[in-house]
1. Any idea what angle helix 32-51 forms with the longest principal axis of the chain, computed on alpha-carbon atoms, 0 to 90 degrees, nearest 10?
2. Based on the Kirkwood radius over alpha-carbon pairs, what value in µm²/s does the Stokes-Einstein equation return for the translational diffusion coefficient of region 330-426 at 25 °C and 0.890 mPa s?
3. Run through region 71-145 and list the GluC sites (Glu not before Pro) located in a DSSP loop whose Cβ has at most 15 other Cβ atoms within 10 Å.
4. In Å and whole numbers, how far do the C-alpha atoms of the chain stretch along each principal axis, longest first?
5. Using a 10 Å cut-off on Cβ atoms, rank the peptides 95-105, 309-319 from the highest mean neighbour count down.
6. Can you order the peptides 413-423, 247-257, 338-348, 212-222 by their average number of other Cβ atoms within 10 Å per residue, highest first?
7. Could you grab the relative contact order for the chain? Cα pairs under 8 Å, six or more apart, rounded to a whole percent.
Amino acid sequence: MSVLLPAMGHWGGTHKNGRLAVQRTDAPLGPPQGRFWLGSCLLACCLALLLAPRAEAAGSLLPDLKPLGAGPAQLCREKPTVVLRQDACTGTGHTVIRTTTKTGDAGQGPLELVAVPQAQDIPEDCHGDGDVDINGDGVPDDNDILVRQRVFNDANGDGVFQRSIDTVATSHIVGCRYYHPIHHHYHLEAFVHFMVESAQTGKIVAGSNKVSFCLSDSQAFDLSLPGAPGSLHYSSLHCKPRNSVQGVSIGWADTYGWQTPGQEINITGLREGDYCVITQTDPDDKLAESDETNNERRVRYHLDAATAPVNSSIALTQVPGGCPAPISDTHSPGTTITKHPKKRVKTHRKKARVTFKFHSTEARSSFECQLDRGGLKSCSSPFKRKVKAGRKHKGRRHTFQVRATDPAGNPDPTAATFHFRVKRLR
């Protein structure tokens with residue numbers, strides 16, 4: 001920085017209401033030593049004021065996410081893995097509760113998520129499933145990327161978000177965005193967690209894996225909130241590109257209907273009684289919010305799994321009475337593979353069918369499986385697949401992994417693993 005001093009006259013400075021008031025005067029300053037001393041002091045004061053942090057630094061316009069009421073949960077039966085919406089509540093497999101998730105932003109700022117630049121996407125494979133062929137062209141694609149939450153600064157200090165004015169923001173990494181093979185667009189990992197607790201004891205008796213979401217303005221819930229836009233800003237079309245901007249505007253909510261794959265909680269074998277269905281937003285507390293105490297919604301129902309219909313669903317009726325604070329559970333379950341193929345499988349075909357069975361040390365745990373590459377994905381026992389055979393001496397090597405997560409959301413830190421080979425006979 002350079003400072004230009006006038007050739008004629010002298011300048012003096014005084015503080016007034018926290019600001020530097022600069023005035024010119026033609027009065028002599030005395031001997032050269034005095035002029036040098038005063039000039040040095042004035043220059044030092046100016047530099048100090050310029051370099052010091054602003055006392056009126058803009059505040060952060062934080063979002064405030066909270067689960068909203070979105071109609072009753074549904075009780076039904078269905079096959080273990082639902083891929084399409086029309087498959088929900090069809091079949092005679094597991095007994096499940098299905099619930100609609102409606103996550104609203106009642107804060108001073110929007111929730112906005114942006115992909116990091118490609119050079120900052122480290123580790124490159126944040127979802128842990130390698131490159132996956134997304135578009136079916138036979139070429140593996142980079143199907144995930146780290147994302148940052150963008151928090152806007154209040155430029156004019158009025159406490160109201162205005163997109164044309166509040167343009168400066170800070171950001172921090174909040175997780176991984178990956179291509180969801182069933183929903184066919186990009187999701188933020190672990191955005192919601194479902195649990196069922198006993199209304200009598202507070203013990204978590206059932207739960208889901210943490211569910212990933214694509215975040216968009218699905219519907220308005222309170223446009224009277226300061227800063228709420230009159231029309232949606234974050235479109236569901238933004239879910240398709242990997243590097244898009246996703247988010248939820250003030251006064252708007254992201255909604256996932258109860259028929260959507262991933263909205264189910266397995267309650268097979270649960271005894272009849274009163275239970276609280278819990279929807280928890282941001283379960284890992286990675287998103288910056290103005291209020292971290294309102295991220296749970298609890299609804300008490302009377303559940304009788306025996307009344308679950310086949311090929312249809314019934315709406316659960318909320319019953320009076322509160323929900324106790326859940327008992328803290330930090331213990332991880334254990335996972336055991338109880339049935340597997342031989343370590344050396346022989347076949348005359350190009351592929352061999354293999355079956356795995358497994359269980360958890362905690363009842364009603366959920367499972368994630370991985371066969372070779374592709375990352376851990378939701379699964380159930382028994383797990384059946386066809387695997388390729390090899391003609392080499394020892395055959396083609398395969399690895400199966402399975403990990404249990406208990407109803408409280410605690411995963412087994414070490415997946416159960418089995419290695420085997422499949423040889424094609426001539």
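1. On a 0 to 90 degree scale, this one is about 20.
2. After rounding, the answer is 175 µm²/s.
3. 124
4. Computed over the chain, the largest-to-smallest principal extents equal 104, 64, 39 Å.
5. With the highest mean Cβ count within 10 Å placed first, the list reads 95-105, 309-319.
6. Result, highest mean first: 247-257, 212-222, 413-423, 338-348.
7. 16
Each value in this text was obtained by applying a stated rule to the coordinates, not by laboratory testing. All values derive from a computational prediction rather than experimental measurement. Because the Cβ atoms are built from the backbone with ideal geometry, glycine has one as well, and the counts that use them run over all protein chains shown.
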